[in-house]
Amino acid sequence: MSDKPHSLADNNLLVKANEGTPGCSRACVNKLLAIRAGETLVVSKKIIYEYMKTFSEQAPSDEQGVGTEFYLWVLQNEDNPECCLKVETPTERRAGLNTFAHFPKDRHLDGFHDNDHKFVAAAIAAAPTKPTIYNATDRDWADYYRWLKKYVRIKCICPNIVKCG
């Protein structure tokens, strides 16, 4: 296991980094570049699929930037242990719904956005590395921060948009 910090990047970082504007966009660019330069990115098949969906939904004329470059880097390095830690995030049925086996069984998280469960599950699956989940613009992370912090580390890097903690 690598001594480098381990991180997860919500796909909103990649989208915001492509905007190329000051403020939040710059913070996202800096975080994605830091991950590539000296951190280990925690990924799962579901996270990579989420990145793919994010970029397949963009119009071909959308300007490509650091977020797109990061996505392509992930595709090239997802199996490279020097860059990425690939974890399994199996699913299970709970209360008649599909969810991730690693997602906490905590009633306080019942309303947490289903689409973000994959990041929490991956962070818990990578538990010995204590990864941090980075968020830019998704308010759900802030709304559930007080309960999520019992299970995972979260950092909201655009505090002018979303404050965690």
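Laboratory data are not the source of any read-out in this text; all were calculated from the coordinates shown. Bear in mind that the values here come from a model prediction, so they are computed numbers and not experimental data. Here the Cβ positions follow ideal geometry from the backbone for every residue, glycine too, while neighbour counts run over all protein chains shown.
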Between segment 124-165 and segment 17-82, what is the separation of their alpha carbon centroids in Å? 18 Å
Taking Rh as the Kirkwood radius computed over C-alpha pairs, what is the Stokes-Einstein D of the chain at 37 °C in a medium of viscosity 0.692 mPa s, expressed in µm² per second? 205 µm²/s
Considering only Thr89, Cys24, Tyr51, whose Cα is most displaced toward the positive end of the charge dipole of segment 1-130, charges sitting on Cβ of Lys, Arg (+1) and Asp, Glu (-1)? Thr89
Binning at 5 Å from 0, report for segment 1-82 what percent of all alpha-carbon pair distances ends up in each bin. 3, 15, 28, 25, 18, 8, 2, 1, 0
How big is the antiparallel share of DSSP beta bridges in segment 6-156, given as a percent to the nearest 5? 25 percent
Neighbouring Cβ atoms within 10 Å as the yardstick, rank Tyr71, Tyr134 fewest first. Tyr71, Tyr134
Highest to lowest packing among 109-121, 79-91, scored as the average C-beta count within 10 Å: 109-121, 79-91
